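The numbers here are math on the coordinates, done by the rules we state, and not lab data. It should be emphasised that the depicted structure is a prediction, and the values quoted were computed from it without experimental measurement. Virtual Cβ from ideal backbone geometry, glycine too; neighbours counted across all protein chains shown.
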2 protein chains.
Amino acid sequence: MYVLRLGHRPERDKRVTTHVGLVARSFGAHGFILGDIKDDSVIESLRKVCLRWGGRNFFLASGVNSLLFIKSWKERGGIVVHLTMYGLHIDDVIDNLRKVENDMLVVVGAGKVPRIYYELADYNVAIGHQPHSEVSALAIFLDRLYGGAELRFIYPDAKLCIEPSERGKKVVKCEPREE
Amino acid sequence: MYVLRLGHRPERDKRVTTHVGLVARSFGAHGFILGDIKDDSVIESLRKVCLRWGGRNFFLASGVNSLLFIKSWKERGGIVVHLTMYGLHIDDVIDNLRKVENDMLVVVGAGKVPRIYYELADYNVAIGHQPHSEVSALAIFLDRLYGGAELRFIYPDAKLCIEPSERGKKVVKCEPREE
């Protein structure tokens, strides 16, 4: 499962795009692609997180043509899931989607998403029908997809690990783990 | 339950703050407070969403002193929950937190959060121990708190409602509902 973020409005949505990428990484995606806009600073800040918290094989790219990427994903037999408040309620489709998790591209928009993306998507899925955020939509979607197990996930190559703490911040070197 | 966002870095985090506010509104909070920074544009854009999608009683404020607000919340017998990747895993505390939902202030940070907030919080809660986003952290926290029911919620005074759709965008006038 990979996440494609449709091109952001430069500057205005940069931080939001970075947050979408961080959710993709920490909630179990194999990679994050920023469509249409080349933005090295976003990719670089995500790569830094991978260096410290693990995920050297987490795929990162920007500037990819979103429409072509989606079309070729489908030609290769992949499934495209577009998150939008106008779509079908997640509770009504998640059981079917779990079966195709391996072939899935999750598409999240920025601003107004052109109609073509609704048409190309195999599933338009709503994380509720209220306006909120592509960051929260992606998080809830992946949480449903992985049943909450993703919140325990640690990358095998993580250098830093957290020891849960009632009051402080305890960061330790990770124990070596199997890949 | 109310949400307090610790003051953002102007411009850089404005959009992220708006997204935190949108999640608070759509995931069932009674109000959203932006601490320390007065930002009318953020509050105004949230108010516009309330006008269309409901929530005229959703409390909105900015520029409140975060530390004083938290201290007075506690003095009035309220419970303060601070979301941080360094805290206790949500799975380990959510059962206790559901019992105090009514008295709860959920605090989310921006950038580096000073130690005093960790000390004042009754609970420091981690939505997993990986870096992601205050937007996704708040969404997953409220989703756990309300058990997914929040994704069906429609405000009684909503003017617009969505009819779930496989491909298109269907927005209709809401049916009158009981408050």
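Structure notes:
- Residues that are assigned to a loop (DSSP other than H, G, I, E, B), within 12 Å of the chain's Cα centre (by Cα) and more than 16 Å from A:Glu134 (Cβ to Cβ) within segment B:8-36 comprise B:Gly28, B:Ala29, B:His30, listed in sequence order.
- The test for being out of contact with any helix residue (DSSP H, G or I) (no Cβ under 7 Å at 6 or more places or on another chain) and surrounded by fewer than 23 Cβ atoms within 10 Å (Cβ to Cβ) does not hold for B:Arg56.
- Put simply, of A:Arg47, A:Arg15 the only residue that is at negative phi, basic (Lys, Arg) and in contact with an Asp or Glu (Cβ under 7 Å, 6 or more places away or on another chain) is A:Arg15.
- Qualifying positions in segment B:53-79 - part of a loop (DSSP other than H, G, I, E, B) and either within 14 Å of chain A (Cβ to nearest Cβ) or within 18 Å of B:Lys112 (Cα to Cα) (or both): B:Gly54, B:Gly55, B:Phe58, B:Asn65
- Filtered residues of segment B:1-34 (kept if of a type in the set (Phe, Trp, Tyr) and more than 13 Å from chain A (Cβ to nearest Cβ)): B:Tyr2
- Test: residue in segment A:37-46 that is within 15 Å of the chain's Cα centre (by Cα), in a helix (DSSP H, G or I), of a type in the set (A, V, I, L, M, F, W, C) and within 14 Å of chain B (Cβ to nearest Cβ): yes
- Subset of segment A:65-87 (residues that are surrounded by fewer than 17 Cβ atoms within 10 Å (Cβ to Cβ) and among the aliphatic types (A, V, I, L, M)): A:Leu67, A:Leu68
- Subset tally (residues that are farther than 30 Å from B:Asp157 by Cβ, basic (Lys, Arg) and in contact (Cβ under 8 Å) with a residue 12 or more places away in the chain) for segment A:112-159: 1
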